Each structure stands twice: as structure tokens, then as C-alpha cells.
Amino acid sequence: MNTRNRIVTTFAVMAVGGALGAAVVSRMPDQLAGRVSDRSKVCMVNDRVMGQAQLPVIVDGRTYYGCCADCVGRLNADRKARVSTDPVTGRDIDKSEAVILQGESGEALYFESEDTARRYRGRKAAKS
């Protein structure tokens, strides 16, 4: 095999390996479509994913986020502002511990686990 053929073969193998690697990475368990990795960018009162970090509010050792002084006040005073309902299980979930997905309209969706978030995504995909 001449040098040119070796180079072409090497690049072909690299391309196939890269494509396979990308396919594997896209299916890794920690890759959840729409997951909000930085919860500080969520106003947990308005349940919206924002473009920048929000104001941190610590209540009973847990950190929540609000976009303005009114939200900070509500997070401090009202338990209902700190809790949501998992749309899959119907159970209450503390927003500071929830898995958060960004919905189609920028809304924050709260889940008790990665599993329920994946099940929700699966149901949405099946309806499309």
C-alpha cells in the first residue's frame, strides 16, 4: 500500500470512528435534551428559563432563584413558590433539587428524577 492510500485509509477510519463516537455520546445517559444545567438561570417563581443568572435565595439551607425583589420575597415567604409537581408522577418536588427541563416556550419543567424527565420527553416525542 502506498503512502497516499495509507493516508486516505487513515482518514476514512477516523471519520467513521468519529461518527460512531458522536452517536454514542449523543445517547449517553447524562445527555438529556433540554436539560437546564445551570439552575441559577431559572426564575423559580415565574417558572421561566432566563438568559442570565438570577438572584439566589437560601431557605432552610436550599438555594432557589428569583428574577426580582418580589420573587425573592415570595421564595422566602411562600412554600408554594419553592415546590412544583412532577408532570409524570404527579408528586410534589422541591425546585432546588429537581431535574429541570426547558419547555418549548421557555418554561421551566421540574422533575423528581432523570427517569421521569426522560419518560416525559418520550411521551412528547411519541405525540409529535
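The values are calculated or read from the model by the stated rules, or taken from the named source; none is laboratory data. Here the structure is a predicted model, which means the values were calculated and not measured. Using ideal geometry, Cβ is built from the backbone for each residue, glycine included, and neighbour counts are taken over all protein chains shown.
Couple of notes before you dig in:
- For segment 48-86, filtered to residues that are small (Gly, Ala, Ser) and in a helix (DSSP H, G or I), the residue that is surrounded by the most Cβ atoms within 10 Å (Cβ to Cβ) is ALA81.
- Of the criteria (1) of a type in the set (Gly, Ala, Ser); (2) farther than 21 Å from SER105 by Cα; (3) modelled with pLDDT of 95 or more, which one GLY66 fails: (2)
- Members of segment 107-128 that are at pLDDT below 95 and in a loop (DSSP other than H, G, I, E, B): SER128
- Count - residues of segment 56-102 that are of a type in the set (Asp, Glu) and over 19 Å from the mean Cα position of the chain (by Cα): 3
- Pairs are defined by a Cβ separation below 8 Å, a sequence spacing of at least 6 or placement on different chains, a first member in segment 104-120 that is more than 20 Å from ASN46 (Cα to Cα), and a second member that is exposed (fewer than 14 other Cβ atoms within 10 Å of the Cβ); the pairs so defined are GLU114/PRO29.
- LEU55 meets all of the listed conditions (1) modelled with pLDDT under 95; (2) under 22 Å from GLU97 (Cα atoms) but one, namely (1).
- ILE93 vs. criteria in contact (Cβ under 8 Å) with a residue 24 or more places away in the chain and in a strand (DSSP E or B): no
- Residues in segment 34-49 that are under 19 Å from ASN76 (Cβ atoms), touching a helix residue (DSSP H, G or I) at 6+ places or on another chain (Cβ under 9 Å) and of a type in the set (A, V, I, L, M, F, W, C): 3 in all.
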